[in-house]
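Chemist: What follows is a single structure, and I will ask about it in a moment.
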Amino acid sequence: MITGIIVITGIIMIIEPRAFLHLLTWLSPAFPTGAFAYSHGLEWAVAAGDVGDGESLRAWLATLLGDGSGRNDAILLRAAHRASAAPARLDEIAAIGAALAPAAERRAETLAQGAAFAKAAVPWGGPWGGGSVAAPLPIVLGVLAARHGIGEEVAVIGYLHAFAANLISAGVRLIPLGQSAGLVVLAALEADILAIAAESRGQDLDDLGAACFRADIAAMRHETQYTRLFRS
């Protein structure tokens, strides 16, 4: 069988072309998770003046990736990938993932996207493998990736890239920022994405935690923001 070989910092990963296509589809902006409707608190940050150009957007997202929900999502995805055949363990991971959300809108965001992903992924063998517990998006993705033989390393890097790309798309609309400037931000975040993926490689649920207070406050303040384009 023809396989694709990906080498990342000395790690050789083999992924079948069909499985690679699955991952590209699941993480595509066209995949119906409703990601376009959420800004992860970025809308309030723009209104408050914390983010107003490409560089401040890059700094905001780099912090989210390294010290906030991006880092936690990478750990949760890996944990779900490893426990993909253990429903009780998946329910535990899902409950922890939901409890990590610092605001009601952030919790609704990740759970709604997780549910939408599981529903849309039915043609690929969804829904996810837990019980009745609602699961955050990275956990559902981790389970499905494991079922299709997609290594956790590839899945984590893909997820973090999609996470950043979705929020850059929100920033392009909110600041506003040109699409070319948005791509500059995405390119600048590649090193951050790879660094977080590498850092999370040997981590587990005991390593969960965040120190991204301004983003957490932004998520809380967004709940009462007077004019809003996004749900979070």
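The values are calculated or read from the model by the stated rules, or taken from the named source; none is laboratory data. Worth saying up front: this structure is predicted, and the values here are computed from it rather than measured. Virtual Cβ from ideal backbone geometry, glycine too; neighbours counted across all protein chains shown. The accessibility values were calculated without ligands, DNA or RNA, using every heavy atom of the protein model including side chains. Shrake-Rupley method; radii C 1.70, N 1.55, O 1.52, S 1.80 Å.
Chemist: Within the stretch 76-104, restricting attention to residues that are surrounded by fewer than 23 Cβ atoms within 10 Å (Cβ to Cβ) and of a type in the set (D, E, K, R), which residue is nearest to R201 (Cα to Cα)?
Modeler: So, considering only residues that are surrounded by fewer than 23 Cβ atoms within 10 Å (Cβ to Cβ) and of a type in the set (D, E, K, R), the one nearest to R201 (Cα to Cα) is R82.
Chemist: If you go through the stretch 187-203 one residue at a time, how many are in contact (Cβ under 8 Å) with a residue 60 or more places away in the chain and in a helix (DSSP H, G or I)?
Modeler: Number satisfying all stated conditions: 10.
Chemist: May I ask you to say which residue of A134, A80, A145 is outside any helix (DSSP H, G or I) and either at pLDDT below 95 or out of contact with any strand residue (DSSP E or B) (no Cβ under 7 Å at 6 or more places or on another chain) (or both)?
Modeler: On inspection, the qualifying residue turns out to be A134.
Chemist: Among (1) free of Cβ contacts under 8 Å to residues at least 40 places away in the same chain; (2) of a type in the set (G, A, S); (3) not in a helix (DSSP H, G or I), where does A85 come up short?
Modeler: (1)
Chemist: Of all the residues that make up the stretch 23-55, how many are over 11 Å from A218 (Cα atoms), open to solvent by 30 Å² or more (accessible area, probe 1.4 Å) and part of a helix (DSSP H, G or I)?
Modeler: Final tally of qualifying residues: 4.
Chemist: While we're here: Looking only at residues that are of a type in the set (S, T, N, Q) and touching a helix residue (DSSP H, G or I) at 6+ places or on another chain (Cβ under 6 Å) in the stretch 180-206, which one is surrounded by the most Cβ atoms within 10 Å (Cβ to Cβ)? Spell out how you get there, then give the answer.
Modeler: Initial filter on the stretch 180-206 (of a type in the set (S, T, N, Q)): 180, 200, 203.
Cutting the leftovers down to touching a helix residue (DSSP H, G or I) at 6+ places or on another chain (Cβ under 6 Å) gives us 200, 203.
On the way: S200: 24, Q203: 14.
Selected residue: S200.
Chemist: If I157 satisfies all but one of (1) in a helix (DSSP H, G or I); (2) surrounded by fewer than 17 Cβ atoms within 10 Å (Cβ to Cβ); (3) aliphatic (A, V, I, L, M), what's the number of the condition it fails?
Modeler: Answer for I157: the failing condition is (2).
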